[in-house]
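The values are calculated or read from the model by the stated rules, or taken from the named source; none is laboratory data. In this text the structure is predicted, and so the values were computed from the model without any measurement. FYI the Cβ positions are ideal-geometry reconstructions off the backbone, even for glycines, and counts take in every protein chain you see. Just the protein is used for accessible areas: all its heavy atoms, side chains included, with ligands, DNA and RNA removed. Shrake-Rupley method; radii C 1.70, N 1.55, O 1.52, S 1.80 Å.
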Number of protein chains: 2
Amino acid sequence: MAAAAAALALNKTANSVLYPPHPYYPLDALVNGYVENKDGVPYLLTLFFGACAILFTATYFVGQSVTPKLNRVELFSTMWFVLSGAIHLIFEGYYALNFADMGEKQTILGQLWKEYAFSDSRYLTQNAFVLCMESVTAAFWGPGCLIVAYMIVVRHPMRYPLQMLVSGGQFYGDVLYYATCGFDHFVWGKTYARPEPFYFWFYFFFMNFIWIVIPGYLIIEGSIISARAIDKAQRQEKGKKVQ
Amino acid sequence: MAAAAAALALNKTANSVLYPPHPYYPLDALVNGYVENKDGVPYLLTLFFGACAILFTATYFVGQSVTPKLNRVELFSTMWFVLSGAIHLIFEGYYALNFADMGEKQTILGQLWKEYAFSDSRYLTQNAFVLCMESVTAAFWGPGCLIVAYMIVVRHPMRYPLQMLVSGGQFYGDVLYYATCGFDHFVWGKTYARPEPFYFWFYFFFMNFIWIVIPGYLIIEGSIISARAIDKAQRQEKGKKVQ
């Protein structure tokens, strides 16, 4: 145990030269070239949620004027898929492309990720799972969401199967995201969130929970509508054979 | 750098007391209480592939006799979902329950995992992603596969939606499985497979690739059949409104 403690102390000295100190948890996590955000939190969050609100509202008006026949669920689904697709492509795509040196970024998106990372430092430590899951999300669920939004507006018959696959991917990715974090916390005693409840509960738990609830609903909706149509087609097929 | 090297050397000394040496890569991976397999590789592999072959064949005969109307694709799908579900529940379920001390197991399943781990040592090092992905696979895709198999035999209309979700989950889990391994190899220079090509190409690449090819096909099949049925239902709905 003494040897291990000595090794740890030496390790810390060596690492502090390569990796500057930072406010992320665990405090000995290796964050590449960390620089403190230059902009304030209210400014950054206003930009992010403001952009989301504008896009969400714009989709509402565009959707309503292009296809006035869209019912409430269809209109809300379109708004959701456009917003979700934009977040995947722009926000998560930025992370997938810049994961290696996010700690030193001072762009709006880079600063937003450094702010979010207070709830999950894995975004700054080149974690294999987080990077791979985010890359798949940006490259596949991002365009997938926009294609589903388009398909809903034109009432394409492939919209429900694709909705199920995209929402299923978001749901499963999110479950693994929560689960890997919980595993490292409970099994390895490694906690990635800062101790302030706001970071854990708002950023980590609540923001990600949206991608459990809405995709969960859309998976069930897509499954039921597909199954009903299949049931109808099967009955007609049977009816024909009997005749 | 000298400090880092010294720390590494000290770390190694400390760890060798807690973790015995083992043949897995990277050689400094921490494998809990490793004990060499007591049974030979041909014996273990014969048991595994023999059990798979028996189950696969048995499903063929049972499926054919219970529902002689099953076409080739339906019969093969049933055989696949029964085999795949059994592997998820029994083989991967065993891992999910025993991941903490797999290195010392001498049961058939434990020895099989220690053999497979030559191609991916993460199964012996309590890796967060592998454990979470395997647990979801065992708990959800396992029973899900068996439910789909049953639904195919009784031609339940929910079989295609569920087939898409289960196959989508298997596919995505497998993509992340490959991707996280590749990331750690290329970005961190950490390789989890032993250098012998057999382990990498047969166990890691080929065995997992089966869960890319067949679920990939089943996702496309389920999507096309669902979309066709939805298309038909939409046309009839439209026809009714016009009348």
*State the number of residues belonging to region A:86-109 that are more than 22 Å from residue A:211 (Cβ to Cβ) and open to solvent by less than 40 Å² (accessible area, probe 1.4 Å).*
1
_Test: residue A:150 is assigned to a helix (DSSP H, G or I), more than 19 Å from residue B:218 (Cβ to Cβ) and free of Cβ contacts under 8 Å to residues at least 12 places away in the same chain_ = yes
*asked:* Given (1) of a type in the set (Val, Ile, Thr); (2) at the interface with chain B (Cβ under 9 Å from one of its Cβ atoms); (3) under 12 Å from the mean Cα position of the chain (by Cα), identify the lone condition not met by residue A:230.
replied: (3)
_Please verify whether residue B:50 is among the small types (Gly, Ala, Ser), under 21 Å from residue B:139 (Cα atoms) and either buried (at least 20 other Cβ atoms within 10 Å of the Cβ) or modelled with pLDDT of 95 or more (or both), treating the condition exactly as stated._
no
*Sort through A:163, A:126 and tell me the only one that's surrounded by 19 or more Cβ atoms within 10 Å (Cβ to Cβ) and within 7 Å of chain B (Cβ to nearest Cβ).*
A:126
*If you go through region A:56-84, how many residues are β-branched (Val, Ile, Thr) and free of Cβ contacts under 8 Å to residues at least 24 places away in the same chain?*
2
_Condition check: part of a helix (DSSP H, G or I) and away from every other protein chain (no Cβ under 14 Å). Does residue B:168 satisfy that?_
no
*Output the number of the condition that residue A:191 fails; it satisfies all remaining conditions of (1) open to solvent by 10 Å² or more (accessible area, probe 1.4 Å); (2) touching a His at 6+ places or on another chain (Cβ under 7 Å); (3) closer than 22 Å to residue B:171 by Cβ.*
(3)
*asked:* Can you tell me which of (1) farther than 23 Å from residue A:171 by Cβ; (2) free of Cβ contacts under 8 Å to residues at least 24 places away in the same chain; (3) in a helix (DSSP H, G or I) is the one residue B:115 doesn't meet?
replied: (2)
*Does residue B:136 qualify as being open to solvent by 10 Å² or more (accessible area, probe 1.4 Å), within 13 Å of chain A (Cβ to nearest Cβ), within 18 Å of residue A:183 (Cα to Cα) and of a type outside the set (Phe, Trp, Tyr)?*
yes
*asked:* Of all residues being more than 10 Å from every other protein chain (Cβ to nearest Cβ) and open to solvent by 70 Å² or more (accessible area, probe 1.4 Å) in region B:206-227, which is farthest from residue A:166 (Cα to Cα)? Just the residue, please.
replied: B:206
*Restricted to region A:139-152, and to residues that are open to solvent by less than 30 Å² (accessible area, probe 1.4 Å) and more than 15 Å from the chain's Cα centre (by Cα), which residue is nearest to residue B:127 (Cα to Cα)?*
A:148
*Flag if residue B:75 is open to solvent by less than 30 Å² (accessible area, probe 1.4 Å), in a helix (DSSP H, G or I), touching an Asp or Glu at 6+ places or on another chain (Cβ under 9 Å) and over 17 Å from residue B:131 (Cβ atoms)*: no
*Enumeration of residues in region B:171-184 that are among the charged types (D, E, K, R), under 14 Å from the mean Cα position of the chain (by Cα) and within 9 Å of chain A (Cβ to nearest Cβ)*: none
*Listed residues A:154, A:187; which is more than 30 Å from residue B:227 (Cβ to Cβ) and within 12 Å of chain B (Cβ to nearest Cβ)?*
A:187
